[in-house]
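S.K.: Just dropping this structure here.
Please treat every number below as a calculation from the coordinates, not as lab data. Source: prediction; values computed, not measured. Cβ: placed from backbone, ideal geometry, glycine included. Neighbour counts: every protein chain shown.
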């Protein structure tokens, strides 16, 4: 984004034009930014065998999935519904890896029916179930065990996944024994190992420790005759939400990964989500009212926690900027929505532009875990999603209507 003649643009499109035509609140994404981030991952690997599997949970819009599929991405899914979306976007199921700690038999059946690439398994009972379901079809399923390396990602506790206290993965100390027992399951191809320690990681030092632990595990498994050929090192790379924050370099991160895995004949899989789409997206909203309670100022906008729950759920920071530059100075206020919860806020005690009712704002870095976490709480239709392509934009999801609120009831 940049200001041109005091108007905020995304690529070559004035954001105020989108707000006028499509209304607010609405999500807006940059096609160029999404593709640039994907290519940064892909190109950083150079000649190293790899697959960049986009984490669908970050942003699951069909147009974005198709954009990435056409660019050569694979996909990391965590539910049958996400597999359905990927297939509807025209992606090759052979590029899909299925993660998640609680896969149902129906979801596993669905994935086997479509011959996905592999399953990241998180317990022995899951291995047994996949073996039984594959046996009924007379097929073999490729699987990798997701191991828990007991490494602290130093991120928000809700999105940290790599410690023993977390529900994810199999304890690394038990992994070799589990692989050994799984060899008796005749309908599994045990040629991979995977891990994931969390999201919004801004210090890559814990990841370097993970890489070393995983390579050591691969060596031990191969020594036991288990032919590990793929190593899934997960995702989780963070982005800069605040001015002055320093996000890790994708290129430097991947090069460090390649240096530590070099010489072992492995195909490397990664599962980035947030770092591909977060900074490519924003949420447009309009100021409804200004009010003061005692010493506290409130800017009331038409976007709410049902549209973007991250500030309420994670106390996350999203920069909020006006679509029209002005010289009116700044105020310190809470930016809040219309939902009847005190937790309905986009920012608290924040210095922002001195905006007035009718002014338009952009809530930045909202391309990941924004719309996918939206709800109809308080009877609020979900906003549209817009994709900007240079000086043009198109609706990639329509704004919901009141009738959509009761569909299926």
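S.K.: Relative to a virtual label point 7 Å from the Cα of residue 405 in the Cα→beta-carbon direction, which members of segment 333-373 show backbone nitrogen distances below 13 Å?
M.R.: Backbone N within reach: 339-340.
S.K.: What nm value, rounded to one decimal, do you get for the distance between residue 349 and residue 191 when each label is placed 7 Å out toward the C-beta?
M.R.: 5.6
S.K.: Using Cα springs under 10 Å in a Gaussian network model of the chain, which residue among 291, 213, 242 shows the largest mean-square fluctuation?
M.R.: So, out of 291, 213, 242, the one fluctuating most is 291.
S.K.: Determine, for each peptide in 51-62, 222-233, the mean count of other beta carbons within 10 angstrom over its residues, then list the peptides with the highest first. Let's see the in-between values first.
M.R.: Values: 51-62: 24.3, 222-233: 16.8.
In decreasing order of mean packing, 51-62, 222-233 become 51-62, 222-233.
S.K.: May I ask you to order 174-181, 369-376, 196-203 by the average number of other C-beta atoms within 10 Å around their residues, highest value first?
M.R.: Sorting 174-181, 369-376, 196-203 by mean packing, highest first, produces 196-203, 369-376, 174-181.
S.K.: Hey, another quick one. What is segment 31-276's relative contact order, in percent, from Cα pairs under 8 angstrom and six or more apart in sequence?
M.R.: Relative contact order of segment 31-276: 21 percent.
S.K.: OK, next. So for segment 184-305: antiparallel DSSP bridges make up what percent, rounded to the nearest 5? Before the final figure, lay out the partial values.
M.R.: Values: 6 of 13 bridges.
Beta bridges within segment 184-305, antiparallel portion: roughly 45 percent.
S.K.: From the mean inverse distance of alpha carbon pairs (Kirkwood) and the Cα radius of gyration, derive Rg over Rh for segment 2-59.
M.R.: 1.14
S.K.: Taking every pair of alpha-carbon atoms in segment 237-293, what share in percent sits in each 5 Å bin, from 0 to the bin with the longest distance?
M.R.: 4, 12, 17, 17, 12, 11, 9, 6, 4, 3, 3, 2, 1
S.K.: Let me ask something else about it. Mind ranking 69-76, 341-348 by how tightly packed they are, going by the mean number of other C-beta atoms within 10 angstrom, highest first?
M.R.: 69-76, 341-348
S.K.: Sticking with this structure for a sec: In Å, what Kirkwood hydrodynamic radius results for segment 334-394 from the alpha-carbon pair distances?
M.R.: Taking every pair of different Cα atoms in segment 334-394, averaging 1/r and inverting gives 14.2 Å.
S.K.: Follow-up question, since we're still on this one. May I ask you to derive the relative contact order of segment 255-390, considering only C-alpha pairs under 8 Å and at least 6 residues apart, and to give it as an integer percent?
M.R.: Working: 241 pairs, mean separation 43.5, N = 136.
With pairs under 8 Å counted, the relative contact order is 32 percent.
S.K.: Another one. In whole angstrom, and with the biggest value first, how far do the Cα coordinates of segment 191-342 range along each principal axis?
M.R.: Principal extents (Cα only, largest first): 69, 33, 24 Å.
S.K.: Could you work out the mean projected area of the convex hull around the alpha carbons of the chain, in square nanometres to one decimal?
M.R.: Approximately 21.2 nm², given one-decimal rounding.
S.K.: Mean projection of the alpha-carbon convex hull of segment 295-409 over all orientations, in nm²?
M.R.: The number I arrive at for segment 295-409 is 8.8 nm².
S.K.: Also, I was wondering about something else. Which value at 222 nm does the chain reach when only helices count, each DSSP H run of 4 or more adding -39,500 (n - 2.57), with the total divided by all residues and rounded to the nearest 500 deg cm²/dmol?
M.R.: -8500 deg cm²/dmol
S.K.: How big is the gap, in Å, between the Cα center of segment 219-297 and the Cα center of segment 42-99?
M.R.: Centre-to-centre distance over Cα atoms comes out at 15 Å.
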